[in-house]
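Step one of this worksheet: look at the structure below.
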Amino acid sequence: MQLFIFIILAIITIVAGIVMVSADNIARSIYSHVLALLGIAGIYILLYAEFMAGVQVLIYAGGVSIMLLFALMLTKPAKGVVRALDHPKRVPAFITSVVLFGLLMFGIITTKWPVQAHQPSIIMAPEAIGKVMFVHYVLPFEIVSIILLVALIGAVVIGGKEENTPDEEKEEP
Amino acid sequence: MISLSYYLTFSAVLFCVGVYGVLARRNSIMILVSIELMLNAVNINLVAFSAYVGGSDLTGQIFSLFAIAVGAGEIGVGLAIILNLYRLRNTINIDQIDFLKW
């Protein structure tokens, strides 16, 4: 039963990912990205990581995709070009990713993983994560909060220069 | 009970799809989206190892949470850079953004 659910989720996610990298329309691509992220959230639930699944849905499927859609609305792709989203050299990219997949599969198959018995227990509950995070990982938590603050300020500083725009567009025709 | 290799294989497939997206796209928003897919593939690896290898140890999930936070910051700054580039150059195709190349 678990294998059945895993296969369904994996097929949904991988098909959504392939549509994402091959679609001709940015909006369609971003929506299939959202579908792939929701499939990954289902995989997290299958791995007894409910908190990770919630965070995945909230941050990636919610926040990041909305941000990507806003970026899509504020820009426009090149018009009048066939397959304007794609680089002309698609075949070397395909060969590279297939070779990388072969290497990764070789590593996965030949390595003996020190797998323990799986523990589908209450210990994976969000409160256990909270305890571990605020007892053992307080310093990285604070550093991550500073990183997010710096990223916020940096995004505002980089993206928010409204008054310089006309001059710089005049300089560069 | 599914074996660990299934999760690793799934994550390898997703990672390679993301690599193809990064290499084959020329719209910078699409490249950022593909990078997000690669980050998610790595997070699946971390959570799977946390469930299978670590037993009751939650370090993999914590690491993955930090990776998600850093990824969110990365995509915010990346989109700000893309919007600024669009404002300056009127294009976001990476083969036309070459003024740092010589």
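Just so you know, all these numbers are worked out from the coordinates, no wet-lab data involved. If you're wondering where the values come from, they're calculated on a predicted model, not measured in any experiment. Virtual Cβ from ideal backbone geometry, glycine too; neighbours counted across all protein chains shown.
For the subset of region B:11-33 comprising residues that are surrounded by 24 or more Cβ atoms within 10 Å (Cβ to Cβ) and of a type in the set (Gly, Ala, Ser), which member is farthest from A:LEU72 (Cα to Cα)?
By that ranking, first place goes to B:SER11.
Quickly run through region B:1-28 and pick out the residues that are more than 7 Å from chain A (Cβ to nearest Cβ), over 17 Å from the mean Cα position of the chain (by Cα) and without any contact (Cβ under 8 Å) to a residue 24 or more places away in the chain.
Across region B:1-28, the qualifying residue is only B:SER3.
Among B:LEU88, B:LEU58, B:LEU37, which is the only one that is under 18 Å from the mean Cα position of the chain (by Cα) and either within 7 Å of another protein chain (Cβ to nearest Cβ) or charged (D, E, K, R) (or both)?
B:LEU37
Yes or no, residue by residue, for (1) outside any helix (DSSP H, G or I); (2) within 7 Å of chain B (Cβ to nearest Cβ); (3) within 19 Å of B:ILE35 (Cβ to Cβ):
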site	(1), (2), (3)
A:ILE18	no, yes, yes
A:SER32	no, no, yes
A:GLY39	no, no, yes
A:ILE45	no, no, no
A:LEU58	no, no, no
A:VAL64	no, yes, yes
A:MET73	no, no, no
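Filter region B:55-102 for residues that are assigned to a helix (DSSP H, G or I) and of a type in the set (S, T, N, Q) and give the result.
B:THR59, B:GLN61, B:SER64, B:ASN84
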